[in-house]
Amino acid sequence: MGLVLDGANRHDVKLVESTLASLPPAAEAARDAHRAAGGEQGLCLDAGYASKQVRETLAALGYTAHIRPRGEEVQAKKAGQKARRWVVERTYSWLNRFRHVLIRWAKKPE
């Protein structure tokens, strides 16, 4: 996991390169080994990252960008396919449903 600290009003697109550069050496070694074996290292991003600058940065760093354009999921749902949620959105959904962690309903050890 990489980490970059910046102001809250800074757009994520401007932090792509520094976030990927902050990955630990073990993650970079795993990525390089995967690519050496003939695999592509994909990176899933949401529509906020759909810019030419981000795609060029990812290509220079050896990533294959998987950026879903706006409206594609809505069209897939209309075609009868199941909606696919991003991992982060799914995790937030789980946490929202697991409310006693958030508001401490479970106060007793039993």
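The values are calculated or read from the model by the stated rules, or taken from the named source; none is laboratory data. As the structure is a computational prediction, the values presented were derived from the model and not from experiment. Glycine gets a Cβ as well: all are built from the backbone with ideal geometry, and neighbour counts include every protein chain shown. In case anyone asks, the SASA skips ligands and DNA or RNA and just uses the protein heavy atoms, side chains included. Shrake-Rupley method; radii C 1.70, N 1.55, O 1.52, S 1.80 Å.
Can you tell me which residue within the stretch 6-23, out of those that are of a type outside the set (D, E) and more than 15 Å from G48 (Cα to Cα), is surrounded by the most Cβ atoms within 10 Å (Cβ to Cβ)?
Initial filter on the stretch 6-23 (of a type outside the set (D, E)): 7-11, 13-16, 18-23.
Okay, now just the ones that are also more than 15 Å from G48 (Cα to Cα), so 7-8, 18-23.
Values: G7: 5, A8: 4, S18: 13, T19: 14, L20: 19, A21: 11, S22: 14, L23: 15.
Ranking the candidates gives L20 first.
For the stretch 65-77, indicate whether the set of residues that are open to solvent by less than 70 Å² (accessible area, probe 1.4 Å), touching a His at 6+ places or on another chain (Cβ under 8 Å), closer than 20 Å to L3 by Cα and modelled with pLDDT of 75 or more is non-empty. No; the residues of the stretch 65-77 include none that is open to solvent by less than 70 Å² (accessible area, probe 1.4 Å), touching a His at 6+ places or on another chain (Cβ under 8 Å), closer than 20 Å to L3 by Cα and modelled with pLDDT of 75 or more. Within the stretch 24-45, being open to solvent by less than 70 Å² (accessible area, probe 1.4 Å) and closer than 19 Å to I67 by Cβ holds for R31, Q41, G42, L43, L45. For the stretch 1-19, a residue qualifies if it is closer than 22 Å to P69 by Cβ and hydrophobic (A, V, I, L, M, F, W, C), and the qualifying residues are V13, L15, V16.
Listed by first and then second residue, the pairs linking a residue in the stretch 20-42 that is more than 13 Å from G2 (Cβ to Cβ) to a residue that is of a type in the set (A, V, I, L, M, F, W, C) and in a strand (DSSP E or B), with Cβ atoms under 9 Å apart and 6 or more places separating them unless they lie on different chains, are G42/A65.
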